[in-house]
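Worksheet: the structure to be examined is printed underneath.
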Amino acid sequence: MNALAYFSPDYATARQRFLQAATQLGGQLAAHPVAGTGPTGEPLTIDICQLPGENTERLLLISSGLHGVEGFVGSAVQLALLERWASERRPLPVCCVLLHGLNPFGFAWRRRFDGENIDPNRNFMLPTEPFAGSPEKYPQLDGWLNPQRPPARWESFTLQALTAIARYGKPALRQAVAAGQYDFPKGLFFGGQAPCQSNRFLAEQTERLLGDCREVVHLDFHTGLGAWGACQLLLDYVPTDDQRLRLTKWFGSGSFQAGDAHDAAYRARGSLGRWCVARHAARDYLYVCVEFGTYGPIRVLGGLRAENQVHHWCQPSDAACAFWKARLTELFCPRSPAWRQRVIQHSLDLVDRALRGLCGG
């Protein structure tokens, strides 16, 4: 199948195609319902596909859609994998688990956030960390980031953003805006005040899904950060020396950015990878955020801001809702055939490299 055909038009279609492909491959399926429904009343579920492998002590975990609308890309990658594995007609070398739509509300409603306006990737706090506080400058920026009104179709957001950059500096502004805040429930990058549904699901299910596997590689697919079509492998924790060697051997020198890197775009609180590694400390757990770049950061932030405005200050039937949610979808899943083709090809190659690495190659 042409790589472009793996992209689905909506959450319900993506879920149906994922389940069908997983069934054809003989995967063990389970659906975990979450609160709420989709735009047409469809149920919302986090779907699990477990696939046996020849080596039962090693496991590849592939997750998608933690940031809702980014699920259009992650789901396409998972569908491409399932169909290719089915066509190869041979056992997988290691156990594989696919988690589809970790934030189904955001996926269905074309939001980055969930039904409680929580950014799930700011919600995975460690036991000693409170769900409280905000970056120093976020309260000063709240009125600009989260205006309590519908968005204007034509607004000088780029000029406003450039003015803010000139005032605060790009690194400080990025850290203040995107690191995660816990004091403005209707604001951007709200981390919540308790574990969200995605958090509770992973806390309840992952030990069972990992079984007796001692070595786990977790590829978590995201979009929206970085240069157009470029792939970054991001670790929000400090890997061991052995993990660094493996990442370099598998994916190439300079292919990843770890949590101790000085040139990180920003340092987020409550991110998934750090939580996974800490929670499964008895295992060799290697988490990698696979991030594909789309549009520039000012344009992406402007889209997030406008979609957040229509979510809180418009009715779902308003034309502005459809306009800004379509815009947000484009920002995180560009319609460009070249971009989509590149993402699928690169993703399949990454998974191949991870599988070979897990097999000792």
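Points to keep in mind about this one:
- Plainly put, region 247-361 has a radius of gyration that is 1.05 times its Kirkwood radius, both from alpha-carbon atoms, as the Rg/Rh ratio.
- Once the Cα atoms are used to define both axes, helix 319-332 deviates from the longest principal axis of the chain by about 50 degrees.
- Summing charges over neighbours of A164, with a neighbour being any other residue whose Cβ is under 15 Å away from its Cβ, gives +3 when K and R count +1 and D and E count -1.
- Contour excess over end-to-end distance, with Cα ends at S255 and T158 and 0.36 nm allotted per residue: 31.8 nm
- The order of the peptides 105-114, 12-21 by mean Cβ neighbours within 10 Å, most packed first, is 105-114, 12-21.
- Distance between the modelled labels on R89 and D318, one decimal in nanometres: 5.6 nm (7 Å Cα→Cβ projection).
- For the chain, the relative contact order comes to 21 percent (Cα pairs under 8 Å, sequence separation of at least 6).
- Fully extended contour minus Cα-Cα distance, from L4 to E129, at 0.36 nm per residue: 40.8 nm
- Estimated inter-spin distance, R299 and D349, nm [label 7 Å along Cα→Cβ]: 2.4 nm
- Principal axis extents of the Cα atoms in region 188-239, from largest to smallest and rounded to whole angstrom, are 38, 32, 20.
- The distance from the alpha carbon centre of region 236-251 to that of region 57-130 is 22 Å, rounded to a whole number.
- Packing, as the average of other Cβ atoms within 10 Å across residues, places the peptides 71-84, 165-178, 139-152 in the order 71-84, 165-178, 139-152, highest first.
- Between 0 and 90°, nearest 10: helix 197-210 axis offset from the chain longest Cα axis: 10 degrees
- MRE, 222 nm, helices only [DSSP H, n ≥ 4, -39500 (n - 2.57), over the chain, to nearest 500]: -13500 deg cm²/dmol
Any read-out appearing in this document is the output of simple, stated calculations on the displayed coordinates, not a laboratory observation. Everything numeric in this text was worked out from a predicted model, so none of it was measured. Quick reminder, even Gly has a Cβ in these numbers, built from the backbone with ideal geometry, and neighbours come from all protein chains shown.
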